[in-house]
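Peer 1: What follows is a structure written as structure tokens; I'll ask about it next.
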Amino acid sequence: MAKPRNSMAGTPDAANRLPALQILSEATLSPPGESSIEEWLGRFLATMVRLAGAAAGAVRVVTGDGEHLRLVASVGLPQEVVVREKLMPVDCGACGVAVRNATVRQGPAGVACAGVTSIAWFGGFANMVVVPLVHQGRVLGAYNLFLREERALPEEAALLYRSIGEHLGMALENARLARENLRMTVMNERQMMAAEVHDSLAQNLAYVKMRLALLLEAQRAGEGERALKYATDMQDALGEAYADLRELLAQFRSRMDPMGLAQALQGITAGFEDRTGIALVLENRLAELNLSVDEEANVFHIVQEALANVARHSGAKRARLVMEERGGEYEFTVEDDGVGLFAFGSRPGGDDQPGLRHHLGVNIMRERAQRLAGRIEIANLPGRGARLRLVFPSDPAARAAAR
């Protein structure tokens, strides 16, 4: 069979370099998104086959145990080969050498692969090029390119293949890390939700349980007035638990405004008085916010919880939200003219229900603040009211170093 012209297995020319550069560009600028990593790698396979002047090709990724290569896409492979080659040992033949040494390899394909797999189809190929997908010296997968004729692999072609493999390997690793980060984010958010539900409802329900025992005792003793008091206490506690649950559900359903944190907080402010009867003023003194998407989400949820506490527990008529930067730190402050520290769990009076309104999600807010390398400050205002302030470094490098 005549040697294909313009094949990268021969000396590369301008016609070959263009699609090669396209692969490098797409691998750099268009990493795996909504599509799976396998589909993303498969998009490059036809171009790799064309570059090599090959008749067939395959993409394999190293399995989680590091012992096998799994076939994820192919071009020109018959169904029998696809089925039989779905999973192969990582140290098999030329592929194994390429994986072990993290280098582009070329070798006879027909006799070797046909002998290992007992598939006669491989006998029609004289040569195979293996391009490993490498990131920081670790092989994550490989492209197999099957050629009909035997020919040498020039050094320039090997260098270009190696560059392609490194770019694809880096994108493959970044996609893996992104998936892990997403899993961690989902797990953390679930833990946060569980903690908020516990803090919001568990203490109220525990209080109801205690009151129920006292109610039954009063009924057995024939003390109707005391029984009525306990029944009223239970009714109030259940009403508060129901209100807390509705507020939590509303928070869980809420999402950050795609325009960013400042826009999202403006949205909260706009409807706050209509929902709560408390006049809320937003004072944004920040020229810009240098936060990642995750950091904006944490700030948003902290402020949202602080304002929910004002609405539920403060008895305030007015409140304000201030966003500013002072001394190298961002400050997000929620102030109200309500009942002061009572709104944050220090109920005066010493009656027998101090824990009824104790939760207020302060621990959750502190956990979120720690993700920002920051802190939550809570204090009474002089005269009347309370202040909750989120403080964290405005410099991204400082936040990263402190975490």
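Rule-based calculations on the coordinates, nothing more; no lab input. Nothing here was measured: the structure is a model prediction, and the numbers come from that model. Cβ atoms come from the backbone with ideal geometry, glycine included; neighbour counts cover every protein chain shown.
Peer 1: With θ set to phi - 60°, apply the Karplus curve 6.51 cos²θ - 1.76 cosθ + 1.60 along the stretch 71-79 and write out the HN-Hα couplings as whole Hz, x wherever there is a Gly or Pro.
Peer 2: Once rounded to whole Hz, the list reads 6, 10, 7, 8, 9, x, 8, x, 4.
Peer 1: Set the Förster radius R0 to 30 Å, insert the Cβ-Cβ distance between Leu205 and Arg375 as r into 1/(1 + (r/R0)^6), and round the FRET efficiency to 0.05.
Peer 2: Rounded to the nearest 0.05, the efficiency is 0.45.
Peer 1: A follow-up question, please. Given 0.36 nm per residue, what is the gain on full extension from Ser292 to Glu273 after removing their alpha carbon distance, in nm?
Peer 2: Net length gain for the segment: 3.9 nm.
Peer 1: Each residue of the stretch 143-158 in order: what ³J(HN,Hα) in whole Hz does its phi give by Karplus 6.51 cos²θ - 1.76 cosθ + 1.60, θ = phi - 60°, with x for Gly and Pro?
Peer 2: 9, 9, 10, 9, 10, 6, 10, 8, 7, 6, 9, x, 4, 4, 5, 4
Peer 1: Between Ala397 and Thr47, what FRET efficiency comes out of the Förster formula 1/(1 + (r/R0)^6) with R0 = 30 Å and r the beta carbon distance, rounded to 0.05?
Peer 2: 0.15
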